[in-house]
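First comes the structure, then the notes that go with it.
Values in this text are rule-based calculations from the coordinates and carry no lab data. Note that the structure is predicted; figures quoted are calculated from it, not measured. Counting neighbours? That spans all protein chains shown, and the Cβs are built from the backbone with ideal geometry, glycine included.
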Amino acid sequence: MRRRWKLIAVIAALVLLAGWGFWERQNRIAYVNALEANAQLEFYNVLTRVEEAEVALAKALVAASPRQQVFYLTEVWNEATDAQDSLSQLPIPNLNLSATRKFLAQLGDYCLSLARKTAGGGSLTVADRNNLSRLQAQLGEFGRRLHALETRLTQRNFRWASMATPAGRALPAPPPRGSTASAAVGPEDLSDLGNLERQIQEMPSLTYDGPFSDHLLRVTPKGLTGARIDRATAEAKALTFARKADLTDLRVTAYRRTGGPMPAHSFVLSAPAGGSRLFIDVSEKGGHIVQMLFDRPLGAARLDASEATARAQAFLRRQGFTAMTPTYSLREANAQTVTFAAREGGALVYPDLIKVKVALDNGQIVGWDATTYLTNHHARSLPRPRLGQAAARARVNPDLVVGRGRLCVIPTAGGREVLAWEFSGARNGDRFLVYINALTGAEEQILKVVEQPGGQLVM
């Protein structure tokens with residue numbers, strides 16, 4: 001009798017195990033099928049968007065009226081953006097397509113910048129048309145390679161889901177019609193995309209007034225002045241800065257050199273007893289404090305935002321930054337981060353920003369970021385406004401309830417700077433910042449101010 005019950009228990013366990021295995025397999029199959037369907041959809045979306053972008057670009061080159069040029073150039077931007085999004089969704093971890101994604105981003109952004117120029121009364125120059133013709137040829141080649149890739153993958157019965165595993169071959173593909181076995185698939189089946197990536201890398205750089213322009217990748221920080229310093233000098237500057245921030249009894253416990261457009265000596269400072277650490281970067285050129293962060297736990301807040309701003313401004317003055325104006329602040333946990341902009345010739349210079357983080361429990365400076373300031377600050381010769389405040393204000397949408405304006409320098413997406421009048425306005429409970437070019441009267445930019453529990457965000 002006991003033996004029968006044991007046999008029944010074993011059989012029941014085997015049945016349960018088989019059922020669980022079947023359930024797992026069905027779930028895995030459903031997951032793989034969903035992954036495959038989504039990847040195929042994204043791939044064909046890339047193909048379709050590239051072809052439609054090429055057609056729209058061809059129409060833009062043929063169009064004679066500014067209205068049609070703006071329409072087709074904007075369409076190229078839209079199609080290129082969608083193609084870039086879909087390309088990033090493809091499961092191809094073993095293939096670097098950064099140049100291809102950059103090409104699509106620059107294509108869309110460049111066409112959008114030309115559309116804005118044309119809509120503003122400008123016209124396409126010979127250089128613009130030559131760039132567009134070159135981009136159209138590149139798009140045509142992109143589309144042809146995508147079609148070749150589509151044919152190759154169909155013939156080899158390629159499954160995108162097979163690329164979702166490190167080996168790239170773990171998920172078997174169903175056999176093609178009329179065949180008794182599936183073809184081996186792997187990263188080599190995507191060689192057309194790899195060839196296109198190498199070809200795009202060899203393209204000449206594209207310089208224009210937009211955030212993805214090649215010239216922005218080669219920006220030399222304007223605010224770094226002075227000779228190069230060694231590690232010992234940088235360490236002394238880091239310790240001095242920490243003492244001025246009331247961070248004492250610290251010693252260097254780690255060091256490394258960081259590269260990039262602003263090479264720096266990076267230190268970690270700690271108290272002898274351990275605990276909280278201070279991270280600080282000192283630029284190799286000139287020994288400027290680029291960033292600092294003290295990671296100590298913060299106690300209950302005893303200071304408000306205005307007191308934190310006063311402490312941050314006093315600290316800036318001790319560092320030699322006397323012409324700085326607080327613009328926005330944001331509270332996170334028990335710390336207040338205050339953003340300051342430089343003031344020059346009566347204008348607020350937004351490209352020259354420094355952020356100071358103040359602990360609200362005791363007013364200690366626990367954070368510093370001068371990256372933007374050191375990247376952009378230089379001696380400027382600001383022009384006199386051709387439009388007065390009243391004339392500029394008249395160009396703001398009358399639906400906005402506008403307050404007093406102020407003169408400022410704002411950055412453009414392409415890295416230029418524009419002298420503008422800044423007006424704060426409200427509509428239906430929403431607050432906006434409108435920037436009118438002080439030389440041309442053009443409406444340069446509109447930002448929305450979003451109120452947060454601890455401060456404001458500008459979007």
Theoretical gain in end-to-end length, Ala64 to Ser123 [0.36 nm per residue, Cα-Cα removed]: 20.2 nm
Within the range 426-459: backbone nitrogen closer than 14 Å to the Ala301 label point (7 Å, Cα to C-beta): 452-456
Full-extension gain in nm, His378 to Gln40, via 0.36 nm per residue minus C-alpha separation: 116.6 nm
Potential extension, Glu344-Glu451 segment - 0.36 nm per residue separation minus Cα distance: 35.7 nm
Overall Cα dimensions of the range 389-458 - principal axes, largest extent first, Å: 36, 28, 16
Where a label projected 7 Å from the Cα of Ser133 along Cα→Cβ would reach, residues of the range 66-86 with amide N under 17 Å: none
Amide N of the range 216-248 lying under 20 Å from the label point, which is placed 7 angstrom from the Cα of Ala273 along Cα→Cβ: 243, 246-248
Of Lys237/Lys357; Lys102/Lys285; Lys222/Lys244, those spanning more than 22 Å from alpha-carbon to alpha-carbon: Lys102/Lys285; Lys222/Lys244
